[in-house]
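Down below is the structure, laid out as C-alpha cells.
The values are calculated or read from the model by the stated rules, or taken from the named source; none is laboratory data. Since the model is a prediction, treat every value here as computed from it, not as a measurement. Cβ placement follows ideal geometry from the backbone for every residue including glycine, while neighbour counts extend to all protein chains displayed. SASA here: full protein model, heavy atoms, side chains in, ligands and nucleic acids out. Shrake-Rupley method; radii C 1.70, N 1.55, O 1.52, S 1.80 Å.
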Amino acid sequence: MKRIFSIVTLTVMALVILPLAQTGVSGAQSTSTPKGCPSLNVLLLVDQSSSLQTTDPKNLRVDGAESLIKSLSNSANASGEKINLGIAGFGEGAELVGETTLPEHQADATQAVQVFRDRDTDQNTDYVLALNFALQYFADQPGVPASCDRLVWFTDGAYSIDKLDAPGIASYTTSRDKRTIQNQLGEQICGPLPDGSQLGASVSESIRTAGFFIQMIDLRNEGSEAPQDRVERAQTAPVIERLLGENRSDPCRVLGGRVEASQASSLATEFFKQGQIALGHYELDCAQLNGGYPASLVNALAVKNSNADEATKILIDGEVREEGQEFADYAPKSGPAKSGSVTVQTGSGQLETCFADLRANIGIQGNASVFGMATRSFLSYKVTGAGDGPEGPGVAKTAVSIAAKVDGKTAPVEWDEASRSWRVTVEGPVTSPPVVDVTAIAVGWQGPEFKAPATPIQLRNEPPAPQVAWVGPTTVEGTEVAKGSLRVSPAAEDTGGTLCVTFGQPVSSNDTLSLTLSDPAELCRSDKEEFELPASLSATATSNTTAQISLSYTATYTPEGSTTPIKIGGTEYVTFPPVSLVKPADGGKILLISFVLWVASMLLSYGLLVWLTNRQLRLPDPSLYRAISVPLVLDDAGLRRVDDTPLRMEDFKAISGDQSKYRLDGGISMERRRTWNPYARLSAFSRPQSGVLATQPSITRGFDSRVESAIPFDETVWVNVNAATKVGTAVVLVRRGVRAEAASESIDRAVLGLQRHLDSMPKSGVGEPDASPQSGAGASRPVESPFPQRLASSVDGESDTSEQSQRSSSAEPKRAEPRLPPRPA
Amino acid sequence: MVPLAIILMSLIAATALIAIASGDHAGGTADLSIPALGAWFVGSIVGLLAYSWFRTENAKRRMSRVYSETVFRLPLIALGASMAGWFIGSYGGFLVAQAVARR
C-alpha cells in the first residue's frame with residue numbers, strides 16, 4: 001500500500017513539477033534560489049480547521065512543517081543565501097504567527113510552527129480568506145520580484161463555512177447564507193464574480209497579477225473523513241483543479257501545482273519536496289547517485305534519508321562534502337565542482353527523495369559549418385558541466401542525452417566515445433544554411449532541458465575538416481607494440497570528392513613512448529565513409545606511468561572531376577586519450593603472490609575451524625552435574641550391585657575437575673580431546689585407574705582400557721571392573737536436579753545392558769585388543785578379562801576354534817561401527 | 001542459518017566485485033584494484049570463515065536431541081557456495097597478484 005502510495009505521489013509530483021519547468025536553467029550561477037532571485041520569500045500557510053482532529057490527529061503536519069524549514073534552511077546555509085519565511089494559519093480567519101529569515105533563525109521558525117499543534121478548532125476552512133491573505137502578504141514584501149514569492153499552502157480538505165459570523169467573510173461577500181457562500185467558491189476564485197462579492201477581481205486573477213507561485217499540499221485522508229467533509233471536498237475539488245490542475249490553458253490557472261498526500265505520515269516528505277521546489281530545485285532519480293554523478297553538473301543537491309535518525313553524507317570522489325541527520329544539502333558557494341563524481345552515503349536507510357539544481361553547457365565542437373553538396377554532414381556537440389566550462393571533458397552519455405532538430409525536423413544523433421561528444425547528422429545536399437536546435441536533458445532529472453546557444457551554421461563550398469581519433473588500445477605493456485589505427489571521420493560524407501589527410505610528427509609526453517604511422521606521408525580516400533590509417537604505439541623501456549600523444553594533421557579536399565585539392569580547416573589535432581604504460585607482470589611473482597593469498601585464505605579458515613572444533617570438544621561445565629559411585633561385584637551370577645540400597649540425594653557429590661578433565665570416584669577420569677582434525681567427532685575419552693571400563697551411552701562397545709563417549713551429554717554411567725579383585729564401581733553422572741531414583745535406574749540399566757551385551761557377544765569381549773580406528777592408540781593394548789571362567793569362556797575369542805571364529809566373524813563383527821549413543825528417555 | 005546467509009552473500013558480493021574489477025581491467029596495470037582485493041577477501045576469507053562457522057553449528061545441531069535434515073541439503077549448499085566463492089575470490093587474488101607483479 002505504501003509503495004502504491006509512493007508511486008501515486010511521484011506521479012502527481014511529476015505532473016505538478018513538469019509544468020513548472022518553463023524556464024531554461026544553464027550557466028554556472030552559484031545560487032540555490034530560483035534563477036534571477038536575489039532572495040526568496042516563502043509563506044507557509046497552514047490549515048487550522050477542526051477537521052484536522054480526524055485527518056491528522058498526531059499533528060504530523062507540524063513535523064512536516066519542521067521538515068520544510070530544515071530543508072529550506074539547509075539549502076540556504078549551503079549556498080550562503082537568505083530566505084524570508086512567513087508562517088501563517090488560516091481557518092475562520094488568517095493571521096501571521098511568525099516571520100523570520102533562514103538559515104540563521106531556523107530555531108525560531110521551528111518554534112513558531114509548534115503553535116499548530118493546538119490550532120485545530122476553527123469551524124471554517126476559508127480558502128478565499130487564505131489566498132487573499134497570501135496576496136496581501138506578498139504585496140507587503142518589498143525588494144523581491146514576484147517570481148521569487150512562494151506560497152506553500154497546506155490544507156486537509158475543502159472550503160467549508162460553518163461559522164457565518166466569522167469576521168473575515170464580510171471582506172469578500174455580503175451573503176450570510178452558508179449554502180450560497182459555499183456555492184460561490186468557484187466564482188470567487190475563478191470569476192466571474194458573483195452577486196454580492198466584495199472582491200475587486202477574482203482571486204485567481206489577482207494571483208496571476210501578483211505573479212507568485214502556489215505549492216499546495218492537499219491531505220486527502222479519505223478513510224478518516226466525516227460524510228459532511230466528503231461532500232464539501234467534492235464541491236471544492238473542481239475549483240482547486242481549475243486553479244492548480246493540469247489544464248494550463250484554463251483561465252483560472254495560476255502558477256504552481258498541487259500534490260496530494262493520502263496519509264498524514266507522508267507529510268514530512270511532501271513538505272521537504274515543496275521546500276525544494278520553492279528553491280527552484282527539481283527531483284532527481286536517487287538511483288543516479290548510486291554509481292556517481294558528474295559533480296561538474298551539480299549546482300545544488302538535497303537528499304532525504306528514509307531513516308530520520310541516521311547520518312546522511314554527500315561525497316565527491318569519496319570525500320565527505322556535506323553531512324546531516326536525515327537531510328544533506330550540497331550547494332557549493334563557488335558553483336559546481338570542476339570534476340569528480342557525487343555519491344551519497346547512508347547507513348541502513350534508503351535515499352527517499354533527491355532534488356537537484358543542475359547546470360550544463362552545450363557547445364558546438366570544431367567548425368559550425370556544413371558542406372552543401374554533401375549527402376550527410378556532421379556537427380559535433382559537447383555537453384559539459386557548468387563547473388568545468390566549455391573546454392572540459394564531455395559529460396558521459398549515462399548522465400545526459402541530447403536531441404537535435406535540423407530545420408524543425410528531428411535529426412539523427414549518435415554518441416562518439418572517442419571525443420565524448422554527440423554527432424548530429426545534417427542530411428544534404430542543402431542550398432541554404434540549416435537551423436540546428438540542440439537540447440540536452442540530464443538523465444533521471446525532472447528539471448528543464450539545457451539548450452545550446454543559437455549558433456549560425458555556415459554553408460561552405462568545401463567540406464569542414466575531418467575529425468581524426470585514435471582507435472585502439474590505450475595501455476602499452478612493457479615494450480610491446482600496441483596496434484591500432486587513426487580513424488578519419490569526414491565531416492561531410494558522400495560528396496563524390498576525395499579527402500586527403502597529412503599527419504605531422506607525433507609528440508609524446510614520455511620519451512619512451514612513440515607512435516608510428518604505417519603511412520606517414522599522406523592518406524587519401526573517398527569521403528563516402530570513415531576510413532582508418534594503421535598505427536602502433538610502442539615503448540622502449542618498461543615503466544608504470546601515463547603519457548599523452550599529440551599528433552597534428554592537415555586535410556585537403558578534391559572535388560569530383562577536379563584535380564586541384566583545396567585545403568580545408570587549419571592544423572587540427574588527433575583526439576588521443578591518455579596512454580597507460582605498464583610494466584609486464586612477472587609470472588613467478590604472480591604465482592608466488594597468488595599462492596600466498598591462496599594459502600592464507602586456506603589457513604585462516606582451517607585455523608578457525610580447528611579452533612571452533614576444539615572449543616566444542618571441551619567437556620560440559622562440571623558444575624552442571626552431580627555424581628555418585630556404587631560398588632559392584634563380579635561373580636558367577638554376573639555383574640551386579642553389591643546391595644540394592646536406594647540411592648540418596650545427599651550422597652551425590654560435585655564433580656572434581658574442569659572442562660578439560662573430570663576426576664571421578666574409583667580412579668575413573670574423563671578427558672577432553674584435542675585435535676588438528678577439523679572434522680573430528682564430538683566425543684571424549686574415559687580411562688580407569690585399573691581394570692577395564694565401559695560407559696553407557698558410549699561410542700566404544702563393551703569394556704576397554706579407554707572408552708569413547710559423545711559430548712555433550714545429559715547423563716553418563718561408567719562401569720569399572722577389576723579382574724583380579726572381582727569388584728567394580730559404577731559411577732553415574734547426572735544433571736543437577738535429577739532424582740536419585742532416576743540415577744539408580746540408570747545404573748541398573750547400564751549394568752544390565754553391559755551384561756546382556758557381553759552375553760550376546762561370544763566373539764568379542766573385554767579382553768580383546770580394540771581394532772577400531774576410533775578407539776585411539778590405547779586401544780591396541782590387550783586387557784585382562786575381569787570375568788569368571790564361565791563368562792570369560794564366552795567372551796574370550798582365543799578359546800574359540802578357528803571354525804567358530806570364522807563363522808562368528810562372518811556372522812557378526814567383533815566391533816560395531818561407531819554410532820551415536822542412544823539418548824535416555 | 002546466519003552463517004549460511006553470510007556464505008551466500010559472500011558469493012554474491014565476490015561475484016559482483018569480480019565483475020566490477022574485470023570491467024575496470026584489474027590486473028592490467030600496476031594499480032591495485034580495490035574490487036579485486038575485496039573479491040578475494042569476501043570470497044576466500046569471509047566465505048570460508050563463514051563455512052567454518054556453519055560446520056561447527058551444524059555439528060552442534062547433529063549432536064542435539066533432535067536433528068532433521070532439510071530438503072535443501074543445507075550442508076551441501078553451504079559447501080558448494082563456499083567453494084564457488086573461494087574460486088571466485090582466488091581469481092580476485094590472482095588479479096591482485098598481477099597488479100603487484102607489475103611493480
If a residue must be surrounded by 14 or more Cβ atoms within 10 Å (Cβ to Cβ) and either not in a helix (DSSP H, G or I) or not assigned by TED's automatic domain parsing to the domain that holds A:T55 (or both), how many such residues does region A:165-176 contain? 4
Among the candidates A:A278, A:A261, which residue alone is closer than 22 Å to A:G211 by Cβ and open to solvent by less than 10 Å² (accessible area, probe 1.4 Å)? A:A278
Looking at region A:380-412, which of its residues are touching a residue at least 40 places away in the same chain (Cβ under 8 Å) and of a type in the set (V, I, T)? A:V383, A:T384, A:V395, A:T398, A:V400, A:I402
For region A:348-363, give me each residue that is open to solvent by less than 40 Å² (accessible area, probe 1.4 Å) and within 20 Å of A:S419 (Cβ to Cβ). A:A360, A:I362, A:G363
If I ask for residues that are open to solvent by 70 Å² or more (accessible area, probe 1.4 Å), more than 8 Å from chain B (Cβ to nearest Cβ) and closer than 30 Å to A:T540 by Cα, which ones from region A:556-590 would you list? A:T571, A:Y573, A:P578
If you go through region A:414-437 one residue at a time, do you hit one that is under 30 Å from A:A547 (Cβ atoms) and among the hydroxyl-bearing types (S, T, Y)? yes
So, in region A:324-341, exactly how many residues are within 17 Å of the chain's Cα centre (by Cα) and surrounded by fewer than 18 Cβ atoms within 10 Å (Cβ to Cβ)? 0
Answer from A:C500, A:C524 - the residue that is open to solvent by less than 30 Å² (accessible area, probe 1.4 Å) and either touching a Cys at 6+ places or on another chain (Cβ under 8 Å) or in the same structural domain as A:A374 (by TED's automatic domain parsing) (or both): A:C500
With the requirement that a residue be among the charged types (D, E, K, R) and either open to solvent by 10 Å² or more (accessible area, probe 1.4 Å) or outside the structural domain of A:A627 (by TED's automatic domain parsing) (or both), what does region A:692-738 give you? A:R701, A:R706, A:D714, A:E715, A:K726, A:R735, A:R736
The number of residues in region A:190-238 that are of a type outside the set (K, R), within 46 Å of the chain's Cα centre (by Cα) and more than 28 Å from A:D149 (Cβ to Cβ) is 13
In this structure, is A:S629 in contact with an Asp or Glu (Cβ under 7 Å, 6 or more places away or on another chain), more than 14 Å from chain B (Cβ to nearest Cβ), under 29 Å from A:S656 (Cβ atoms) and small (G, A, S)? yes
Going through region A:86-144 one residue at a time, which ones are part of a helix (DSSP H, G or I), among the hydroxyl-bearing types (S, T, Y) and touching a helix residue (DSSP H, G or I) at 6+ places or on another chain (Cβ under 6 Å)? A:T110
Sort out which residues of region A:622-668 are buried (at least 18 other Cβ atoms within 10 Å of the Cβ), at negative phi and in a strand (DSSP E or B), and write them in order of number. A:Y625, A:R626, A:A627, A:I628, A:S629, A:V630, A:L632, A:L634, A:L639, A:Y662
Selection within region A:64-119 - among the small types (G, A, S), surrounded by fewer than 18 Cβ atoms within 10 Å (Cβ to Cβ) and under 15 Å from A:L40 (Cα atoms): A:G80
What residue, of A:A491, A:A469, A:A454, A:A482, is among the small types (G, A, S) and surrounded by fewer than 16 Cβ atoms within 10 Å (Cβ to Cβ)? A:A454
Does region A:190-200 contain at least one residue that is open to solvent by 40 Å² or more (accessible area, probe 1.4 Å), hydrophobic (A, V, I, L, M, F, W, C) and free of Cβ contacts under 8 Å to residues at least 40 places away in the same chain? yes
Determine if region A:362-385 includes at least one residue that is of a type outside the set (S, T, Y) and touching a helix residue (DSSP H, G or I) at 6+ places or on another chain (Cβ under 7 Å). yes
(1) open to solvent by less than 30 Å² (accessible area, probe 1.4 Å); (2) within 14 Å of chain B (Cβ to nearest Cβ) all hold for A:W598 apart from (1)
Would you point out the residue of region B:31-47, among those that are modelled with pLDDT of 90 or more and at the interface with chain A (Cβ under 10 Å from one of its Cβ atoms), that is most open to solvent (accessible area, probe 1.4 Å)? B:F41
Looking only at residues in region A:526-546 that are within 30 Å of A:D586 (Cβ to Cβ) and outside any loop (DSSP other than H, G, I, E, B), which one is farthest from the other protein chains (Cβ to nearest Cβ)? A:A535
Please verify whether A:L608 is modelled with pLDDT of 85 or more, more than 14 Å from chain B (Cβ to nearest Cβ) and closer than 30 Å to A:Y662 by Cβ, treating the condition exactly as stated. no
Where residues in region A:383-428 are among the small types (G, A, S) and within 29 Å of the chain's Cα centre (by Cα), which of them is nearest to A:E449 (Cα to Cα)? A:S401
List every residue pair whose Cβ atoms sit under 7 Å apart, with the two residues 6 or more apart in sequence or on different chains, where the first one lies in region B:16-30 and is open to solvent by 50 Å² or more (accessible area, probe 1.4 Å) and the second, anywhere, is assigned to a helix (DSSP H, G or I). B:I20/B:P35; B:D24/B:P35
Considering region A:677-734 alone, what residues qualify as being closer than 18 Å to A:L752 by Cβ and of a type in the set (D, E, K, R)? A:R701, A:E715
Criterion: open to solvent by less than 10 Å² (accessible area, probe 1.4 Å) and small (G, A, S) - qualifying residue of A:A268, A:A295, A:A287, A:A311: A:A295
